[in-house]
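The values are calculated or read from the model by the stated rules, or taken from the named source; none is laboratory data. Everything numeric here is computed off the predicted structure, so don't read it as measured data. Every residue, glycine among them, receives a Cβ derived from its backbone with ideal geometry; neighbour counts consider all protein chains shown. Areas reflect the complete protein model, heavy atoms only, side chains present, ligands, DNA and RNA absent. Shrake-Rupley method; radii C 1.70, N 1.55, O 1.52, S 1.80 Å.
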Amino acid sequence: MEIRAATVLPARREPIELHTADGLTLVGELAQPLDRPPVATLVTLHPLPTHGGFMDSHVYKKAANRLPALADLAVLRFNTRGTSSERGTSQGAFDGGEGERYDVAAALEYAEYHDLPRVWVVGWSFGTELTLKWAHDPLVEGAILLSPPLHRATDADLDAWAAFGRPLTALVPEFDDYLRPEEARARFARIPQAEVIGVDGAKHLWVGEPYVRIVLDEIVRRVNPAASPLPTEV
């Protein structure tokens, strides 16, 4: 069977709640391999909720649908404060990336408390800003950025990640609306351990199965290289 956009592979999927230090409850889902423990964990931070971003944004939904089965990964998705999806609505209100620091911390605390292994943070668009600003946690092994706009994340945030020392990969679409590969390489040069990968033909939202496959392959190549490249059929 060819893996298509709507393919859902077997996994243990459970609704979860995250509890922030400022008293909010956030809704999410944890997907894990069906009959074995995960080898690593993706904590995903979604695009801008004021522009339609949420835990079900398509790349993350497809990651949760595929990667537990294909790459032995746990995939944690959640709605940041004030964001809604089929899973429900997280308490609070959008705070422009500032109050969301508590949301990032709550997701990482959940992973630590539940002994989820080898945590990598995957941020997409607005989620890349949250990653660069708030994911400097000793639990985090590294981060992967999808379509980083570098609007809210400043040079000081880039310098802080450089000092943090963890690996960083940025996947930058050739036709991104905000930051394209050449400029991205110049901006991320402040982080010695950063790798910028330009993706030919891609746009900010990674629409189209070929681009989704590129993203998921690049994630797996870094987080569980033994499972790379991902199969296109099951």
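Points worth noting:
- Against the test of being open to solvent by less than 30 Å² (accessible area, probe 1.4 Å), outside any loop (DSSP other than H, G, I, E, B), closer than 19 Å to Glu109 by Cα and modelled with pLDDT of 95 or more, the options Leu67, Leu30 yield a single qualifying residue, Leu30.
- Residue match in the range 92-101 (condition: assigned to a helix (DSSP H, G or I), touching a His at 6+ places or on another chain (Cβ under 6 Å) and of a type outside the set (Asp, Glu)): no
- Identification of helices (runs of 4 or more DSSP H) wholly contained in the range 113-212 with 3 or more residues that are out of contact with any Ser or Thr (no Cβ under 8 Å at 6 or more places or on another chain), among the charged types (D, E, K, R) and open to solvent by 10 Å² or more (accessible area, probe 1.4 Å) yields 155-164, 181-188.
- Residue match in the range 1-12 (condition: at pLDDT 95 or above, more than 21 Å from Ile144 (Cβ to Cβ), open to solvent by 20 Å² or more (accessible area, probe 1.4 Å) and assigned to a strand (DSSP E or B)): yes
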